[in-house]
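Note sheet for the following structure.
The values are calculated or read from the model by the stated rules, or taken from the named source; none is laboratory data. Everything numeric here is computed off the predicted structure, so don't read it as measured data. Every residue, glycine as well, gets a Cβ built from its backbone with ideal geometry; the counts of neighbours run over all protein chains shown. Note: accessible area is taken over every heavy atom of the protein model, side chains too, but ligands, DNA and RNA are not part of it. Shrake-Rupley method; radii C 1.70, N 1.55, O 1.52, S 1.80 Å.
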Amino acid sequence: MTALVTVLTILLPILYLAVWADYLWLFYTEHPVARRTCSRAAAAVVILHMGVMVIRGVALQRLPMGTQAEFMSALALALLGTYLVVERRLRAKNTGFLTTGAAGLMMLSSAIFEPGAAQVNPLLSDPGFAGHAVLVLLSYTALSLSFLYAILYLVLARQLMRRRFGLLFRRLPALETLERMSVVSVEMGVPLLFLALALGHLWMYDLADRPGLDPRLAKALTPWDAKILFSWVIFLGYTAGLAGHRFLGWRGRRMNIMAVAAFVTIVVGMGAVHHFFPTFHKFPTMDASAVASPRADAPAYAANHLLTGER
Amino acid sequence: MAGATSLHVRSISHKTAPTAVRERAHLTEERAVELMDALSAGSASEPACVSVIPVSTCNRTEIYLEVKDGADADAILREALAAIGADCEVFFSEHALRLDGLEAIAHLYRLASGMESMMLGEPQITAQLKDAYRLARAHHEPGPGLLRAFQGAFRAGKRVRTETRISTGAVSVAFAAVELSRKFFDRLGKHRALLVGAGETGALAARHFLQHDIGHLTVVNRSFERAEALAATLRDEQSRQLVEADLDIEGESADSARALRGPDSRIIARPWDELGAAIANADVVLSTTGATEPVILPAMVQAAVKDRHGLPLFMLDIAVPRDIHPDVAKIGNVFVFGLEDLDEIVQGNLAARRGQIPHAERLIGEELAEFGQWLEDIDMRPTVAEFRAYLEELKDKQVGFVRKKQSDELADEVDKNLQLFIKKVLGRSMSSLRNSESREERARHLETLRALFSAEERDAD
């Protein structure tokens with residue numbers, strides 16, 4: 001089984017690149033074979049990748065997102081999976097080369113990174129934290145897709161305004177479809193973000209009640225944490241955008257500029273929060289000994305170590 | 001050409017003849033039937049012509065002939081055309097394309113693929129060829145050569161259209177208008193169009209939008225009566241088409257079904273002074289009036305887009321001189337296009353279609369090779385069929401014998417094995433005949449096979 005997982009881990013970046021090539025073929029030629037095969041190939045890769053993740057997770061007894069390589073791999077899977085859901089709902093395949101290309105590059109970088117098996121976050125063994133991390137990953141991936149489609153909308157609108165009837169005009173879906181793809185991505189991202197935040201809160205209170213937790217850490221575990229607050233702002237912002245779209249008829253260029261601005265705010269805001277505000281969401285890695293020697297108070301021990309840097 | 005028959009085409013098309021000549025060559029359906037009857041009557045007394053399939057469209061008239069090997073196809077055709085009183089000289093003039101054998105079939109395959117059409121890749125020709133084929137089959141069953149050639153042509157056409165992009169993208173201005181609007185609104189059924197002007201051009205464009213299921217169409221014209229008349233005509237056409245499409249019926253039955261269904265409520269007319277309000281309600285505006293000054297002004301559009309919450313407004317000005325004031329294009333979320341833009345799209349699509357020609361030619365080449373192989377084998381088929389019949393007869397006797405003496409299961413098993421055996425023997429025989437060193441040698445082998453296993457020989461036994 002280990003050998004199979006190893007082979008698949010090596011094979012996955014190649015499969016991702018093959019899917020990308022298929023979508024590129026479709027974009028440039030609209031060949032019927034490419035149209036027939038691209039989604040199926042992508043779905044097969046997603047299923048295979050999920051299988052590998054599950055086997056790895058079971059083997060490692062933790063969420064396989066602990067190292068940089070694992071994280072990039074999970075991000076690629078989330079991107080491809082989320083894209084496939086949007087593609088299936090809107091039946092528009094011609095933008096696939098962008099997302100599959102990005103996912104392919106992530107898988108390549110994942111293959112290039114050091115495995116880093118010795119340094120992993122032991123909190124990933126905790127189901128509450130693992131669920132929170134997966135939901136956060138999926139929600140932000142969906143929101144990033146919304147950003148991508150909003151950009152494509154603005155690019156196509158500009159091409160039309162300038163009367164450029166080139167490849168982008170011929171291949172990109174209608175403005176209406178691009179807008180719907182952006183909205184559908186947000187519709188996926190917002191509930192996932194809510195679930196991620198809710199689970200994060202529950203896990204945080206659960207962790208605070210665990211025996212052996214450093215009192216300083218217990219004090220730091222607060223819902224008023226800068227990152228959590230900013231995440232709620234993001235959630236509320238996107239929810240307001242969705243409500244405006246649905247009930248006030250927000251459409252077109254303005255709506256898509258808002259989607260772009262919202263995602264830029266996420267990136268810049270999160271960067272600023274990480275740099276300028278104290279937050280317990282900073283997880284240094286720990287050495288293998290911390291993970292390799294299970295203790296009765298392991299979660300609290302791991303949290304103490306990770307969040308305060310002390311043993 | 002090998003075999004007992006040969007194939008020919010005599011063609012007058014937009015590529016070879018001006019309209020006046022094409023008109024002389026045109027064959028109505030009645031004339032086409034008369035021609036087939038004339039050739040069929042001729043073949044009773046003089047069995048030279050096996051079959052004929054005439055194809056006549058607005059751009060071409062072509063006559064496909066299958067005649068006995070060595071017969072003069074031109075003489076046969078000339079005689080038949082004269083017999084029905086058609087202008088026979090036109091098919092033998094310098095305007096006619098005369099192709100024989102595989103060249104004729106290659107032409108047919110290219111024709112079915114839209115490669116010979118005035119608009120490269122246009123799909124209508126396939127339906128026209130199928131109509132001609134059906135008409136021919138209804139009157140006189142075509143010979144094996146023409147039958148196979150037309151079936152192959154339909155297959156080649158289908159492959160070219162599905163495996164290449166030779167038929168994609170609008171190549172007419174009216175379709176380009178729809179294509180351009182679909183870059184804004186993918187689901188036209190959820191959107192509303194406004195037609196400003198009730199002339200022929202506008203009506204044509206409106207029909208295209210209705211064909212693509214536009215959700216709602218409003219006609220506005222300076223003369224409300226003309227707007228109402230056009231709306232009524234379009235309503236009538238649409239409801240007839242919907243009924244025919246739904247129930248797959250035509251004529252009087254369709255009329256009664258239409259009466260039950262009622263008029264198509266998607267199409268309405270509004271008076272000229274409601275133009276501003278009509279623009280505010282529309283997502284697609286088509287303007288085609290004969291006005292000498294712009295009739296759609298910036299203030300009007302500015303007011304209309306105010307409540308659109310950023311939803312784009314697609315405006316198409318296909319009037320000369322223009323109907324839409326140039327400053328309208330400067331308003332945010334308003335996209336104004338003109339005839340020159342549609343023409344640019346058409347030219348781009350045509351260039352893209354031309355880029356598909358090598359791929360299409362390759363596919364046609366593959367299909368032609370298959371037809372060529374069939375043609376090569378045509379002289380073997382009767383003899384091989386007799387040989388197969390002989391083997392099948394032997395097998396049936398043997399299986400019957402086993403069934404009498406042994407169990408049914410064993411007889412079925414013997415039957416299955418002997419079928420396999422026959423398949424192998426026939427395969428090997430066909431392969432050996434195909435690989436004969438010369439045509440003469442193959443004829444000798446066929447003669448031997450016939451002598452040994454023909455029905456007459458078996459009866460003599």
Given the candidates A:L138, B:Q356, A:S182, the one whose Cα lies deepest towards the positive end of the charge dipole of the protein assembly as shown, counting +1 at each Lys or Arg C-beta and -1 at each Asp or Glu C-beta, is A:L138
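Can you pull the mean other chain C-beta count within 10 Å for peptide B:301-312?
On the way: counts 0, 0, 0, 0, 1, 0, 1, 3, 9, 11, 10, 9.
Neighbouring Cβ atoms belonging to other protein chains average 4 per residue here.
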A correct Karplus calculation of ³J(HN,Hα) over the stretch B:189-197, with 6.51 cos²θ - 1.76 cosθ + 1.60, θ = phi - 60°, whole Hz and x for Gly and Pro, returns x, 9, 10, 10, 10, 10, 9, 9, x
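What fraction of the DSSP beta bridges in the protein assembly as shown is antiparallel, stated in percent and rounded to the nearest 5? Each step should come with its number before you reach the end.
Numbers: 20 of 43 bridges.
DSSP beta bridges in the protein assembly as shown are roughly 45 percent antiparallel.
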Each residue of the stretch A:149-161 in order: what ³J(HN,Hα) in whole Hz does its phi give by Karplus 6.51 cos²θ - 1.76 cosθ + 1.60, θ = phi - 60°, with x for Gly and Pro?
5, 5, 4, 4, 4, 5, 5, 5, 4, 5, 4, 5, 4
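Using the Kirkwood radius over C-alpha pairs as Rh, can you work out the diffusion coefficient of chain B via Stokes-Einstein at 37 °C, viscosity 0.692 mPa s, in µm² per second?
This corresponds to a translational diffusion coefficient of 121 µm²/s.
Using 1/(1 + (r/R0)^6) with R0 = 25 angstrom and r between the beta carbons of B:Q373 and B:R450, what's the FRET efficiency to the nearest 0.05? Display every interim value, and only then the final one.
Details: r = 22 Å, r/R0 = 0.88.
For B:Q373 and B:R450, the calculated efficiency is 0.70.
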Residues of the stretch A:122-170 that become at least 20 Å² less accessible with every protein chain present than in their own chain isolated, using 1.4 Å: which are they?
A:L160, A:M161, A:R163, A:F165, A:F169, A:R170
Spelling out what I want: for every residue of the stretch A:42-58, take phi, set θ = phi - 60°, compute 6.51 cos²θ - 1.76 cosθ + 1.60 (Karplus), and round to whole Hz; glycine and proline get x.
5, 5, 5, 5, 4, 5, 4, 5, 4, x, 4, 4, 5, 5, 4, x, 5
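Could you tell me which helices of chain B pass both thresholds, a Cα extent of 24 Å or more along their own axis and a mean Kyte-Doolittle hydropathy of at least 1.0, with helices taken as whole DSSP H runs?
Details: long enough: B:29-45 (25 Å, -0.02); B:144-163 (28 Å, -0.48); B:224-247 (34 Å, -0.49); B:357-377 (30 Å, -0.41); B:381-405 (36 Å, -0.85); B:408-434 (38 Å, -0.36).
Both cut-offs are met by no helix.
Rounded to a whole number of µm²/s, how large is the Stokes-Einstein D of the stretch A:115-243 at 10 °C and 1.306 mPa s, given Rh as the Kirkwood radius over C-alpha pairs? Working shown, then result.
On the way: Rh = 17.4 Å.
Answer, rounded: 92 µm²/s.
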Between A:D225 and residues 5 or more places away or on another chain, which pairs have amide H atoms under 5 Å apart, with H built 1.01 Å from N, and which residues are they?
none
Determine Rg/Rh for the stretch B:1-139; Rg is computed over alpha-carbon atoms and Rh is the Kirkwood hydrodynamic estimate from the same atoms.
0.94
Solvent exposure, largest accessible area first (probe 1.4 Å, DNA, RNA and ligands not counted), of B:D408, B:D307:
B:D307, B:D408
Accessible area lost on pairing A with B, both sides, 1.4 Å probe, Å² to nearest 100?
2200 Å²
Residue list for the stretch B:271-306, given a label point 7 angstrom along the Cα-to-Cβ vector of A:L248 and an amide N cut-off under 17 Å:
B:306
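Could you tell me which of the pairs A:K93/B:K190; B:K395/B:K416; B:K395/B:K423; B:K183/B:K306; B:K397/B:K423 are separated by over 20 angstrom between their Cα atoms in the structure shown? Could the numbers behind the result be given before it?
Values: A:K93/B:K190 22 Å; B:K395/B:K416 10 Å; B:K395/B:K423 12 Å; B:K183/B:K306 22 Å; B:K397/B:K423 17 Å.
Correct reply: A:K93/B:K190; B:K183/B:K306.
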Per residue, how much accessible area does the protein assembly as shown show when a 1.4 Å probe rolls over the protein heavy atoms, in square angstrom?
48 Å²
Can you pull the one-decimal nm distance between simple spin-label points at B:I268 and B:Q419, each 7 Å off the Cα toward Cβ?
6.7 nm
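Which translational diffusion coefficient, to the nearest whole µm²/s, is obtained for the stretch B:291-386 from the Stokes-Einstein equation, given a Kirkwood hydrodynamic radius over C-alpha pairs, 37 °C and 0.692 mPa s?
Values: Rh = 18.4 Å.
Here the translational diffusion coefficient equals 178 µm²/s.
Only Lys, Arg, Asp and Glu count, each charged at its Cβ (+1, +1, -1, -1), so figure out the dipole size of chain A about its Cα centre, rounded to 20 debye. Show your work: numbers first, answer last.
Working: 27 positive and 16 negative charges, 308 e Å.
I would put it at about 1480 debye.
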For the residue pair B:R78 and B:D327, what label-to-label distance in nm results when each label sits 7 Å from Cα along the Cα-to-beta-carbon direction?
7.3 nm
Answer rounded, prolate or oblate for the stretch B:173-350, using the Cα gyration tensor with square roots of eigenvalues a ≥ b ≥ c: rounded when a/c is under 1.5, else prolate when a/b is larger than b/c, else oblate.
prolate
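Let me know the shape class of the stretch A:232-275, please: from the alpha-carbon gyration tensor, a ≥ b ≥ c as square roots of the eigenvalues, rounded when a/c is under 1.5, otherwise prolate if a/b is greater than b/c, or oblate. Mind dumping the intermediate values first?
Working: a/c = 6.15, a/b = 1.94, b/c = 3.16.
The shape class here is oblate.
Of the beta bridges DSSP finds with both residues in chain B, what % are antiparallel, to the nearest 5?
Values: 20 of 43 bridges.
If we restrict to bridges inside chain B, about 45 percent are antiparallel.
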Any idea how far apart B:D396 and B:A277 come out in nm if each label point goes 7 Å out from Cα toward Cβ?
8.2 nm
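For the stretch B:308-461, rounded, prolate or oblate, judged on the Cα gyration tensor with a ≥ b ≥ c (square roots of eigenvalues), a/c < 1.5 rounded, else prolate if a/b > b/c? Provide the component values of the computation, followed by the final result.
On the way: a/c = 6.01, a/b = 2.90, b/c = 2.07.
Cα axes put the stretch B:308-461 in the prolate bin.
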When the charge dipole of the protein assembly as shown is computed with +1 at the Cβ of Lys and Arg and -1 at the Cβ of Asp and Glu, the Cα pointing farthest to the positive end, of A:F165, B:V196, B:T289, is that of A:F165
Just from the alpha-carbon atoms, what are the Rg and Dmax of chain A in angstroms?
21.1, 68
Along the three principal axes, how long is the protein assembly as shown when you take its alpha carbons, biggest first, rounded to the nearest angstrom?
113, 89, 48
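Give, rounded to the nearest 20 debye, the magnitude of the charge dipole that chain B has about its Cα centre when Lys and Arg contribute +1 at Cβ and Asp and Glu contribute -1 at Cβ. Could the numbers behind the result be given before it?
On the way: 57 positive and 73 negative charges, 288 e Å.
Value, rounded to 20: 1380 debye.
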Report the accessible area of A:H275, computed with a 1.4 Å probe over the heavy atoms of all protein chains in place, in Å² rounded to the nearest 10.
150 Å²
Let me see the P(r) profile for the stretch B:380-460: every Cα-Cα distance counted, bins of 10 Å, each bin given as a percent of all pairs.
18, 40, 27, 12, 3
Based solely on C-alpha atoms, express the radius of gyration and the Dmax of the stretch A:1-117 in angstrom.
14.3, 45
Packing rank of A:179-191, A:226-238, where each peptide gets the mean count of other beta carbons within 10 Å, highest leading
A:179-191, A:226-238
Overall Cα dimensions of the stretch B:139-201 - principal axes, largest extent first, Å
55, 29, 21
